[in-house]
Every structure is written in structure tokens, then in C-alpha cells.
Amino acid sequence: PWRDTPARLASLAADWRLGADAAVLSGDVAAVNAALDRWNVPRARDAANGQLDHPALVYLLDAEGRIAYAANGDARTLGALLERL
């Protein structure tokens with residue numbers, strides 16, 4: 001939220017080649033940190049430039065909408081995890 005303001009989100013989504021069904025969210029710093037905490041996203045912020053480094057995670061949710069897996073593997077790994085749900 002320090003640099004990736006709502007006005008920049010569309011260009012970020014295009015740069016990241018996200019599909020039309022993807023969501024790119026922002027908000028004030030406290031709200032974004034709270035959301036990242038709820039999703040257990042590990043991160044580190046560079047205080048000098050505001051860059052927020054975090055892993056590229058895919059969350060697989062169970063039928064109740066709870067996080068079943070957080071993974072950063074390839075399609076085969078994700079498929080295997082989906083089979084476990």
C-alpha cells in the first residue's frame with residue numbers, strides 16, 4: 001500500500017499478466033498487514049523503498065473456505081494437493 005496504490009493496480013496486474021478473474025487488492029498499511037496476517041503470508045519490507053518481499057503462494061481452500069494448503073510448486077504439485085482435498 002505504500003507504493004502499490006489503487007491507481008497503480010491495473011498496470012501491476014497487466015505487468016504480472018494476471019487473467020481477468022484475478023484480484024489485486026490494496027488498502028491502508030494496517031488493513032493490508034492484517035489481511036496478510038490472516039492468510040499467514042510471511043513477508044519482509046525494505047524500509048528504504050517500501051518494497052514488500054513475500055513468496056509467490058497459491059492457497060488451496062477446503063470446502064469450508066479454510067486454508068488447506070499454501071504452496072509455491074508447479075502445476076503437478078498443486079494438482080497432487082488438490083487430489084488430497
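The values are calculated or read from the model by the stated rules, or taken from the named source; none is laboratory data. On a predicted model such as this, the values are computed, not experimentally measured, just so you know. Here Cβ is always computed from backbone atoms with ideal geometry, including for glycine, and neighbour counts include all displayed protein chains. Surface areas here come from the heavy atoms of the whole protein model, side chains and all, with no ligands, DNA or RNA. Shrake-Rupley method; radii C 1.70, N 1.55, O 1.52, S 1.80 Å.
Is any residue of segment 1-22 close enough, with backbone N under 18 Å, to a label point placed 7 angstrom from the Cα of N33 along the Cα-Cβ axis, and if so, which?
1-5
Once a ≥ b ≥ c are taken as the square roots of the eigenvalues of the Cα gyration tensor of segment 1-84, is the result rounded (a/c under 1.5), prolate (a/b larger than b/c) or oblate (a/b not larger than b/c)? Walk me through the intermediate numbers first.
Working: a/c = 1.95, a/b = 1.59, b/c = 1.23.
Since a/c reaches 1.5 and a/b is larger than b/c, the shape of segment 1-84 is classed as prolate.
Taking the simple approach of a point 7 Å from Cα along Cα-to-Cβ for both D15 and A71, what is their distance in nm?
2.9
Relative contact order of segment 12-85: what whole-number percent is it, with Cα pairs under 8 angstrom and at least 6 residues apart? If you can, show how the numbers build up before the last one.
On the way: 45 pairs, mean separation 11.2, N = 74.
That works out to 15 percent.
With +1 on each Lys and Arg Cβ and -1 on each Asp and Glu Cβ, and nothing else charged, work out how big the dipole of the chain is about its Cα centre, in Debye to the nearest 20.
Details: 9 positive and 11 negative charges, 17 e Å.
Roughly 80 debye for the chain.
Would you mind getting the accessible area per residue of the chain, heavy atoms of the protein chains only, 1.4 Å probe, in Å²?
The answer is 75 Å² per residue.
Considering only protein heavy atoms and a 1.4 Å probe, what is the carbon-and-sulfur percentage of the accessible area of the chain?
On the way: 3430 of 6360 Å².
So the carbon and sulfur contribution to the accessible surface is 54 percent.
Between L81 and R3, take the C-beta separation as r, use R0 = 41 Å, and let me know the FRET efficiency to the nearest 0.05.
On the way: r = 32 Å, r/R0 = 0.79.
Using R0 = 41 Å, I get an efficiency of 0.80.
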